[in-house]
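A.B. asks: Here it is: the structure, laid out below.
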Amino acid sequence: MGCCESKGADSEANRIARWRSTGIVALRDAKLKTFPDEVLDLDRSVRTLDLTHNKLVEIPMEISKLVNLQRLILATNLIERLPINLGKLQSLKVMILDGNQITSLPDELGQLVRLERLSIYGNMLTSLPETIGSLRNLSLLNVSNNKLKYLPESVGSCFSLEELQANDNLIEELPASVCNLIHLKSLCLNNNNVSEIPSNLLKDCKTLQNISLHGNPISMDQFQQMDGFQEFEARRKKKFDKQIDSNVMISSKGLDEGVDL
């Protein structure tokens, strides 16, 4: 009995030592119901934390101890809310919260000024905080499959944004500020209630290569009559040609216009 307990203790000690030396804590599919205290005890050592596919309901306030954390992956849990001191994770660059039960995000989200990728796919969000506009380094924002009725005006201040995915929501219109996203390459709004998009979008977003608006009450005529459509069309076809040259597989729809006829 004592020997088995000793081996178990050694195994746990070895695991913690490995976490401390690599900075990577991976506990996927570990059947966790509570946040592991031993991870919090590592504080400054942790750079990547992956707790995907567990049964976590909440994230403790003490997560703020992980001040050097760069990647936080909490997909496929039962999380309903995020702690308000999340903003103290000033080193965070990637946060993945897909497949939880989150209904709102704290205003403190805007304090994560180094964040580059934020994915909250498949939750229960009805709105995004205005403070999201403070995320000036954000290049990917995925809020698809939620219950959003609108995107905040401040999203136009996410100046580094290259990809915005908001499919399968209840969005009726886009804020005019999206025209400020001069680095935006892909805008996906499939299966919403969008009947029109800002008139200057194609003209001002000169790097835009892909717009997907399937399942919205917007017509092809509206889309084609927008200022900048011809230039957008040229960029889109150029990207498609590169995909063909590189033998990249495309969908069965092939090259479409991004809206339903």
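The values are calculated or read from the model by the stated rules, or taken from the named source; none is laboratory data. Worth saying up front: this structure is predicted, and the values here are computed from it rather than measured. All Cβ positions, even for glycine, are placed from backbone atoms using ideal geometry, and neighbour counts span all protein chains on display.
A.B. asks: Scan the stretch 18-46 and report the pairs whose first residue is in contact (Cβ under 8 Å) with a residue 40 or more places away in the chain and whose second residue is surrounded by 15 or more Cβ atoms within 10 Å (Cβ to Cβ) and small (Gly, Ala, Ser), with Cβ atoms within less than 8 Å and a gap of 6+ or a chain change.
C.D. replies: Filtered contacts from the stretch 18-46: GLY23/SER45.
A.B. asks: Taking the condition over 22 Å from SER134 (Cβ atoms) and in contact with a Pro (Cβ under 8 Å, 6 or more places away or on another chain), does LEU109 pass?
C.D. replies: Numbers: over 22 Å from SER134 (Cβ atoms): no; in contact with a Pro (Cβ under 8 Å, 6 or more places away or on another chain): yes.
Against the criterion (over 22 Å from SER134 (Cβ atoms) and in contact with a Pro (Cβ under 8 Å, 6 or more places away or on another chain)), LEU109 does not qualify.
A.B. asks: Output the strands (runs of 3 or more DSSP E) that fall wholly within the stretch 119-198 and possess 3 or more residues being within 26 Å of GLN222 (Cβ to Cβ), or say none. Let's see the steps before the verdict.
C.D. replies: Working: elements: 140-142, 163-165, 186-188.
Ranges flagged: 163-165, 186-188.
A.B. asks: Here's another thing I want to ask about it. Please work out which residue is surrounded by the most Cβ atoms within 10 Å (Cβ to Cβ), limiting yourself to the stretch 19-46 and to residues that are under 21 Å from ILE79 (Cβ atoms) and charged (D, E, K, R).
C.D. replies: ARG28
A.B. asks: Right, here's the next one. Provide a single number: the residues in the stretch 51-91 that are out of contact with any helix residue (DSSP H, G or I) (no Cβ under 6 Å at 6 or more places or on another chain), farther than 18 Å from THR34 by Cα and small (Gly, Ala, Ser).
C.D. replies: So the answer is 1.
Residues checked against (1) touching a Leu at 6+ places or on another chain (Cβ under 7 Å); (2) surrounded by fewer than 18 Cβ atoms within 10 Å (Cβ to Cβ); (3) touching a residue at least 12 places away in the same chain (Cβ under 8 Å); (4) more than 21 Å from ILE73 (Cα to Cα):
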{"site": "ILE120", "(1), (2), (3), (4)": "yes, no, yes, no"}
{"site": "ASN145", "(1), (2), (3), (4)": "no, no, yes, no"}
{"site": "ASN169", "(1), (2), (3), (4)": "yes, no, yes, yes"}
{"site": "GLU173", "(1), (2), (3), (4)": "no, yes, yes, yes"}
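A.B. asks: Right, here's the next one. Regarding the stretch 146-157, can at least one residue be identified that is touching a Gly at 6+ places or on another chain (Cβ under 6 Å), assigned by TED's automatic domain parsing to the domain that holds ASP227, modelled with pLDDT of 95 or more and hydroxyl-bearing (Ser, Thr, Tyr)? Please lay out each step first, then the result.
C.D. replies: From the stretch 146-157, those touching a Gly at 6+ places or on another chain (Cβ under 6 Å) are 154, 157; that's our starting set.
Filter again for assigned by TED's automatic domain parsing to the domain that holds ASP227, leaving 154, 157.
Then drop every residue that is not modelled with pLDDT of 95 or more, which leaves 154, 157.
When the remaining residues are screened for being hydroxyl-bearing (Ser, Thr, Tyr), the result is 154, 157.
Yes - at least one qualifying residue is present in the stretch 146-157.
A.B. asks: If I ask for residues that are over 12 Å from ILE171 (Cβ atoms) and part of a loop (DSSP other than H, G, I, E, B), which ones from the stretch 199-216 would you list? Show your work before the answer.
C.D. replies: Within the stretch 199-216, the subset over 12 Å from ILE171 (Cβ atoms) is 199-212, 214.
Result: SER199, ASN200, CYS205, LYS206, THR207, LEU208, GLN209, HIS214.
A.B. asks: Checking the conditions here, which among ILE63, ILE79 is among the aliphatic types (A, V, I, L, M), over 24 Å from PHE159 (Cβ atoms), in a helix (DSSP H, G or I) and modelled with pLDDT of 95 or more?
C.D. replies: ILE63
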